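As structure tokens, the structure follows; a few thoughts come after it.
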């Protein structure tokens, strides 16, 4: 459509869609691959203290966190969430337009006073 406008042809997207449908043409979308994990590093790896034991007897004994990304009109938005395994209730979260190393730490510092761990 843009190439046609550059040639001086005035045509709208609905007309282009109709002509493509009549010609049996379809658009193809290529999803942009976003790599968010790099497992090939020499950094220390934390011990698995839960050992897949996700049934917790009381609140504030085990928290878990995860990061996901959401496509928005302005670009990717990264979301880190901290859950209490007992409820499972969200006790903290943080968002950022990039995935800095401190995204999960930011979510932990934003944990509600109800969800704070008491030792």
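Read-outs throughout are calculated quantities, based only on the coordinates presented, and are distinct from any laboratory measurement. All figures in this text were calculated on a predicted structure; none of them were measured in a lab. In this analysis, Cβ positions are derived from the backbone assuming ideal geometry, glycine residues included, and neighbour counts consider all displayed protein chains.
Structure notes:
- All of 65, 106 fail the test of being in contact (Cβ under 8 Å) with a residue 12 or more places away in the chain and touching a helix residue (DSSP H, G or I) at 6+ places or on another chain (Cβ under 7 Å), apart from 65.
- Considered as a group, the residues in the range 10-22 that are outside any helix (DSSP H, G or I) and touching a helix residue (DSSP H, G or I) at 6+ places or on another chain (Cβ under 9 Å) include one that is surrounded by the fewest Cβ atoms within 10 Å (Cβ to Cβ), and that residue is 10.
- Tally of residues being loosely packed, with under 10 Cβ neighbours inside 10 Å and not in a loop (DSSP other than H, G, I, E, B) across the range 39-69: 0
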